[in-house]
Amino acid sequence: MTFLLDLLLPVEPNYDIFRQKLLALTAFAVAYRYPGASADKDTARQALKFCKEVPQEVRLSLGLSP
């Protein structure tokens, strides 16, 4: 996801504030993709929180409702 962010930064440099959340989401996606690996509840909650926060913050920056 940071690859997409890097493509967007020339147009919207303020979005770099999402980098840490996107790095975490990428790590979650890779770590728990394969059978046998599972996230604990706290990790899953954090990932879900990031999945909700990033689009909401982007929508707000565009003047849209969250």
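Any read-out appearing in this document is the output of simple, stated calculations on the displayed coordinates, not a laboratory observation. As the structure is a computational prediction, the values presented were derived from the model and not from experiment. Cβ: placed from backbone, ideal geometry, glycine included. Neighbour counts: every protein chain shown.
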What is the Rg over Rh value, at two decimals, for the chain, using alpha-carbon atoms and the Kirkwood definition of Rh?
1.04
Charges on Cβ only, +1 for Lys and Arg, -1 for Asp and Glu, centred on the Cα centroid of the chain; of 4, 65, 28, which one is farthest towards the dipole's positive end?
28
Would you compute, from DSSP H runs of 4+ residues alone, the mean residue ellipticity of the chain at 222 nm, taking -39500 (n - 2.57) per run and dividing by the full residue count, rounded to the nearest 500?
-20000 deg cm²/dmol
Could you tell me which trypsin sites (Lys or Arg not before Pro) in segment 31-66 are loop residues by DSSP with no more than 13 other beta carbons within 10 angstrom of their beta carbon?
33
Between residue 9 and residue 32, what length comes free when the chain is fully extended (0.36 nm per residue of separation minus the Cα-Cα distance, one decimal in nm)?
5.5 nm
Between the helical axis of 19-31 and the dominant principal axis of the chain, each derived from Cα atoms, what acute angle in degrees is found, rounded to the nearest 10?
30
